[in-house]
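Notes follow once the structure below has been shown.
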Amino acid sequence: MKLVDHFQYGLNSPICLTWELTYACNLACVHCLSSSGRRDPRELTTAEAKGVVDELMAMQVFYVNIGGGEPTVRPDFWELLDYSIDHNVGVKFSTNGIKLDRRRAAQLARTDYVDVQISLDGATADVNDHVRGPGSYDTAMRALENLAAAGFGQPKISVVMTRQNVDQLDDFKAIADKFGAQLRITRLRPSGRGADVWEELHPTAAQQHQLYDWLVARGEDVLTGDSFFHLSAYGEALPGLNLCGAGRVVCLIDPVGDVYACPFAIHEQFLAGNVRSPGGFQEVWQHSELFLQLRQPQTGGACRSCLHYDSCQGGCMAAKFFTGLPLDGPDPECVRGFGEQALADRDGAVPLPRSNVDHSRSTSRNTRGPVPVTIGIGRPDRACETSPIAGFGASANDSGLFSPAP
Amino acid sequence: MFDPGLPYRCSPSVALRPEPFGALVYHFGTRRLSFLKTPQLVDVVSGLEHHPDVHGAVEAAGVPQPQRPAYLRALAGLAANGTIEERL
Amino acid sequence: MAPTSETQPAPEEPVVEETLVEEVSIDGMCGVY
């Protein structure tokens, strides 16, 4: 029996999970999957957070991926990091690097069972800062320099692949090599603020193929977080479980203790429960209605008859949900083009699902709604893809994509 | 080189977590995650430290004779990736 | 039963071997960022 089949019946505990410690962030990245910016006053306290770690230890969760927002802006971040490691839960934390000065870099280099992941979305400052804000490239570079100088072993550099950076894959690899880091590339999902920029930023079909080819040829030591399993239908499956882990292998604990199936699905439809409820996180993981539902055998739905269903498993649940596609149909970026067709077939009168969990600072979201979908026009004109930022900004140098951090 | 005539044990850097189908094994040092896909293999691996050699653990777990070569090959793989190690 | 060897493949054996242990990277599961 394939591993995938075993997971249909669920696991006693997640294998690893994402834990967003705070919605506060010093940046305002245009595609932020958690729509972060402002701290939520209902955030878990230090004591409550330690209680979560205690539960994770009891459940033998091997490792937790700590993120946010920017997790290091929580004053108790370092205390929680040490607490987690001391309680047998390995930690990888995802950061924009803002707090990784030489002292913290040295501290991390002395610490076992911790992994650091620096976010970077452009191999050059102009490409990166377009999405992440002015100065963010420099912040990331400084953090990488400090980690390297302190002898921290192999941090990760995590890149969200966009239309604007697909051509920089070799350059990202070079940056990783330069700093003794491991490159990780992940998929842009239409989640959080990502929903507002997905149409503009998600790779074109040609670029998806380019990306897949690159992974096959050069991606041996490049991580993907299995986020490109929808590309497996191109041919050779990429390394990974090649399935959606939501509620089955992984889940998200958010800053106020809400448990979601996946960090890319912060929406009440994928809310399983809250760690503050009786029975805590374990109760939610093992018995929530949502997770039990997700662990039912998947039949494939509309994708059932496709030869490639076994490799792609119908793609990403979050990507389908936030583009208004049925969950039992093709992924919006289905490599056979069925997703494009499904997008074109959407009813333009029905608004796209939108999470009510939004901690963006005021300028970020409301000025720009989702790009309206026109239907009945058939396949988009390929020429539109040659200049993805045309027409959105005030000038040739202003894509209109970046929202300045206050 | 894996030698089933020697005593072995689960590496102390490894966490083994039983699951409905077998077990998950995570090595904190190498960060590798292995799935042991039969309950018998789980019994063998957990039982290693209680037997004078690997063969003893395989026998005690009730692995049928025809399957033993495959189990030994799987155990050799687990030794190679650091999940199990010689008990000194 | 005669022991199996490389030159005498038993139909069941490769299947058992394939499914006894599977390795995945802890970084290789979708839903973590």
### Summary
Checked region A:168-192 for anything farther than 29 Å from residue A:147 by Cα and more than 14 Å from every other protein chain (Cβ to nearest Cβ); matches are A:190
### Message
It is to be established whether one or more residues within region A:97-107 are charged (D, E, K, R), crowded, with 24+ Cβ neighbours inside 10 Å, assigned to a loop (DSSP other than H, G, I, E, B) and out of contact with any Gly (no Cβ under 7 Å at 6 or more places or on another chain).
### Response
no
### Spans of strands (runs of 3 or more DSSP E) in chain B with at least 1 residues more than 7 Å from every other protein chain (Cβ to nearest Cβ) and in contact (Cβ under 8 Å) with a residue 24 or more places away in the chain
B:8-10, B:14-19, B:22-27, B:84-86
### Message
What's the number of the only condition in (1) touching a Ser or Thr at 6+ places or on another chain (Cβ under 8 Å); (2) at the interface with another protein chain (Cβ under 10 Å from one of its Cβ atoms) that residue A:81 fails to meet?
### Response
(2)
#### Entry: Filter result (of a type in the set (Lys, Arg) and touching a residue at least 60 places away in the same chain (Cβ under 8 Å)) within region A:203-256
A:248
### Query
Does residue A:11 satisfy the criteria of being touching a residue at least 12 places away in the same chain (Cβ under 8 Å), within 14 Å of chain B (Cβ to nearest Cβ), touching a strand residue (DSSP E or B) at 6+ places or on another chain (Cβ under 6 Å) and in a loop (DSSP other than H, G, I, E, B)?
yes
### Query
Which one of B:26, B:8, B:71 is under 29 Å from residue A:57 (Cβ atoms) and out of contact with any Asp or Glu (no Cβ under 7 Å at 6 or more places or on another chain)?
B:26
### Query
How many residues are farther than 20 Å from residue A:318 by Cα and either touching an Asp or Glu at 6+ places or on another chain (Cβ under 9 Å) or modelled with pLDDT under 95 (or both) when one looks only at region A:185-211?
3
### Task
Report the residue count in region A:335-353 for those that are out of contact with any helix residue (DSSP H, G or I) (no Cβ under 7 Å at 6 or more places or on another chain), surrounded by 14 or more Cβ atoms within 10 Å (Cβ to Cβ) and assigned to a loop (DSSP other than H, G, I, E, B).
1
#### Entry: Number of the exception - residue A:18 against (1) facing another protein chain (nearest Cβ under 9 Å); (2) assigned to a loop (DSSP other than H, G, I, E, B)
(2)
### Task
Just need a number here: residues in region A:239-265 that are more than 9 Å from chain C (Cβ to nearest Cβ), crowded, with 24+ Cβ neighbours inside 10 Å and not in a loop (DSSP other than H, G, I, E, B).
3
### Query
Can you find even one residue in region A:31-54 that is out of contact with any Cys (no Cβ under 7 Å at 6 or more places or on another chain), free of Cβ contacts under 8 Å to residues at least 24 places away in the same chain, closer than 20 Å to residue A:256 by Cβ and part of a helix (DSSP H, G or I)?
yes
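The values are calculated or read from the model by the stated rules, or taken from the named source; none is laboratory data. Since this is a predicted model, take the numbers as computed values, not measurements. Note that each Cβ is placed from the backbone with ideal geometry, even for glycine, and that neighbours are counted across all protein chains shown.
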